[in-house]
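Okay, structure first, notes after.
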Amino acid sequence: MKEKIQEQFKQRFGTDGVIYASAGRINLIGEHTDYNGGFVFPGAIDKYIMAEININGTDKVRVYSMDMDAYCEFGLNEEDAPQDQWARYIFGVCRETIKRGGVVKGFDTVFAGNVPLGAGLSSSAALESCFAFALNDLFNDNKIDKFELAKIGQSTEHNYCGVNCGIMDQFASVFGKKDCLMRLDCRSLEHEYFPFHPEGYKLVLLNSKVKHELVDSPYNKRRESCERVAATLGLETLRDASYTMLADVRDKISNEDYRRARFVIGEKQRVLDVCDALERGDYETVGRCMFETHDGLSRDYEVSCEELDYLNDVARECGVTGSRIMGGGFGGCTINLVKEDRYDHFIATAKEKFNAKYGHEPEVINVIISDGAHRVED
Ligand code: GLA
């Protein structure tokens, strides 16, 4: 990927630039808890967005996306926002850096990636983090701290892409560390790295390759439900809510909001239970929590879909230790914790059965837990 980017950059802009990369992420457990001030447990992976960048001495940014074979040029003022959605991620990162007092001047860039799009692996956070890191290095002597870099990506989603996401994806993409998952407290941003070597198990993703249309921003709607319940409870977020408190306001909230909050309260605890279980090397408990998360995401939070529920059923039938939908939902991947001796059987069965039912095989994605945003040295 690096050589192709370099070749393209030279051809288009006639110079060389500096290369940066940032990673997609997985999340072992803790879904839809980030914007509720709860805990998440992600890690950066060996799938990247990579960009070559060179300062061009103008007040314009000139961007070429290799994967889309698309070019865009924009200025750095608010009114210069491009129409193309893909370019808005980069524009947003520039603007959010400037809003925080950072310097951004014109630059040329070519970027490409191997984070599967729409798979729930946060290709957009990888793109944002790559550029946030790069602009900090190129124009700001790395004076913007890493927490702020993650927030630049998150605010880009909020203000330029219409998704009121939490901090998990951008945090994982910026702070990712090789071989480690991290438990992140999304309220305080305190985080702890957990070396992750599940002896005798494999972690594998199955990409259903389905993307359901997000008409009416269902992600934002989930967040609104949680915020309504928190407000009814007199809390800032559901972080401090309990099942008992929820039961007390049951007749003041809709049944739908009740179920959304019930999931979040359970999920907060599951992250902590999984961390304890990992410290004991108790992967059976980790797996059981993953299945519980899937059930909650499917029935109470309603962000699953038929294809992902089917992959989850097949995982159960094959004796997989833990399996669940991963990421925001409405399509994408399941994450599966599988005993090594069941791996081949599981993958073969999932491919065959899914293909028979939906006419295509799920994509098997093996991931290595890797470093987050960085400058790629020659
Ligand atoms: C998306 C969002 C994250 C998080 C997850 C669900 O990936 O970007 O902030 O809310 O969904 O856990």
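With the structure loaded, tell me whether Ile90 is outside any helix (DSSP H, G or I), within 28 Å of Glu3 (Cα to Cα) and either out of contact with any Phe, Trp or Tyr (no Cβ under 8 Å at 6 or more places or on another chain) or touching a residue at least 40 places away in the same chain (Cβ under 8 Å) (or both) or whether it fails that test.
No: the conditions fail for Ile90.
When you check Val274 against the structure, is it closer than 27 Å to Asp344 by Cα, assigned to a loop (DSSP other than H, G, I, E, B), modelled with pLDDT of 95 or more and not polar (S, T, N, Q), yes or no? So Val274 does not fit the description; no. Counting only strands (runs of 3 or more DSSP E) that fall entirely inside the range 176-234 and contain at least 1 residues that are within 16 Å of the ligand (Cβ to nearest atom), in contact (Cβ under 8 Å) with a residue 60 or more places away in the chain and open to solvent by 20 Å² or more (accessible area, probe 1.4 Å), the qualifying elements are 180-185, 201-211.
Please enumerate the residues belonging to the range 90-143 that are of a type in the set (D, E, K, R) and crowded, with 24+ Cβ neighbours inside 10 Å.
Here is the first cut: in the range 90-143, the residues of a type in the set (D, E, K, R) are 95-96, 99-100, 105, 108, 128, 137, 141, 143.
Listed by number, the residues that qualify are Glu96, Glu128.
Within the range 22-39, residues that are within 15 Å of Phe196 (Cβ to Cβ) and modelled with pLDDT of 95 or more sit with their Cβ atoms under 6 Å from residues that are within 7 Å of the ligand (Cβ to nearest atom) and assigned to a loop (DSSP other than H, G, I, E, B), at 6+ positions apart or across chains, in these pairs: Arg25/Ser122.
When you look at Phe147, is it open to solvent by 20 Å² or more (accessible area, probe 1.4 Å) and in a helix (DSSP H, G or I), yes or no? For Phe147, the condition - open to solvent by 20 Å² or more (accessible area, probe 1.4 Å) and in a helix (DSSP H, G or I) - is met. If you go through the range 1-17 and pick out every residue that is loosely packed, with under 14 Cβ neighbours inside 10 Å and of a type in the set (S, T, N, Q), you end up with 2.
Would it be correct to say that Glu256 is away from the ligand (no atom under 16 Å from the Cβ), closer than 20 Å to Tyr35 by Cα and assigned to a helix (DSSP H, G or I)? Don't jump to the end; show me each part of the working.
Details: away from the ligand (no atom under 16 Å from the Cβ): yes; closer than 20 Å to Tyr35 by Cα: yes; assigned to a helix (DSSP H, G or I): yes.
Against the criterion (away from the ligand (no atom under 16 Å from the Cβ), closer than 20 Å to Tyr35 by Cα and assigned to a helix (DSSP H, G or I)), Glu256 qualifies.
Just a yes or no: is a residue in the range 123-137 part of a loop (DSSP other than H, G, I, E, B) and either farther than 20 Å from Gly162 by Cβ or touching a residue at least 40 places away in the same chain (Cβ under 8 Å) (or both)? Checking the range 123-137: not a single residue is part of a loop (DSSP other than H, G, I, E, B) and either farther than 20 Å from Gly162 by Cβ or touching a residue at least 40 places away in the same chain (Cβ under 8 Å) (or both). Is it the case, given these coordinates, that Tyr20 is open to solvent by less than 10 Å² (accessible area, probe 1.4 Å) and either in contact with a Leu (Cβ under 8 Å, 6 or more places away or on another chain) or over 30 Å from Leu278 (Cβ atoms) (or both)? So Tyr20 fits the description; yes. Give the range 311-334 a look and list any residue that's open to solvent by 20 Å² or more (accessible area, probe 1.4 Å) and of a type in the set (D, E, K, R), or say none. Hits for the range 311-334 are Asp313, Arg316, Glu317. For the range 40-59, filtered to residues that are open to solvent by less than 40 Å² (accessible area, probe 1.4 Å) and free of Cβ contacts under 8 Å to residues at least 60 places away in the same chain, the residue that is nearest to Ile167 (Cα to Cα) is Glu52. Within the range 1-56, the set of residues being in a loop (DSSP other than H, G, I, E, B), more than 16 Å from the ligand (Cβ to nearest atom) and not charged (D, E, K, R) comprises Met1, Gly14, Thr15, Gly17, Asn56. For the range 154-174, state whether one or more residues are among the aromatic types (Phe, Trp, Tyr), surrounded by fewer than 24 Cβ atoms within 10 Å (Cβ to Cβ) and closer than 25 Å to Ala81 by Cα. Yes, there is a match, as at least one residue in the range 154-174 is among the aromatic types (Phe, Trp, Tyr), surrounded by fewer than 24 Cβ atoms within 10 Å (Cβ to Cβ) and closer than 25 Å to Ala81 by Cα. Among residues of the range 311-332 that are part of a loop (DSSP other than H, G, I, E, B), those with a Cβ under 9 angstrom from a residue that is acidic (Asp, Glu) and more than 16 Å from the ligand (Cβ to nearest atom), sequence gap 6+ or separate chain, pair up as Thr321/Glu284; Phe330/Glu213.
Just checking, does the range 335-356 include any residue being open to solvent by 10 Å² or more (accessible area, probe 1.4 Å) and in contact with a His (Cβ under 9 Å, 6 or more places away or on another chain)? Within the range 335-356, not a single residue is open to solvent by 10 Å² or more (accessible area, probe 1.4 Å) and in contact with a His (Cβ under 9 Å, 6 or more places away or on another chain).
Of note, Phe171 does not satisfy the criterion of being away from the ligand (no atom under 13 Å from the Cβ) and either part of a loop (DSSP other than H, G, I, E, B) or at pLDDT 95 or above (or both). Regarding Ala87, is this residue open to solvent by less than 30 Å² (accessible area, probe 1.4 Å), under 22 Å from the mean Cα position of the chain (by Cα), over 27 Å from Leu206 (Cβ atoms) and of a type in the set (Gly, Ala, Ser)? It is true that Ala87 is open to solvent by less than 30 Å² (accessible area, probe 1.4 Å), under 22 Å from the mean Cα position of the chain (by Cα), over 27 Å from Leu206 (Cβ atoms) and of a type in the set (Gly, Ala, Ser).
The values are calculated or read from the model by the stated rules, or taken from the named source; none is laboratory data. Predicted, not measured: the structure shown is a model, and the values here were computed from it. Please note: Cβ atoms are built from the backbone with ideal geometry, for glycine as well, and neighbour counts cover all protein chains shown. What goes into the accessible areas is simple: the full protein's heavy atoms, side chains included, and nothing from ligands, DNA or RNA. Shrake-Rupley method; radii C 1.70, N 1.55, O 1.52, S 1.80 Å.
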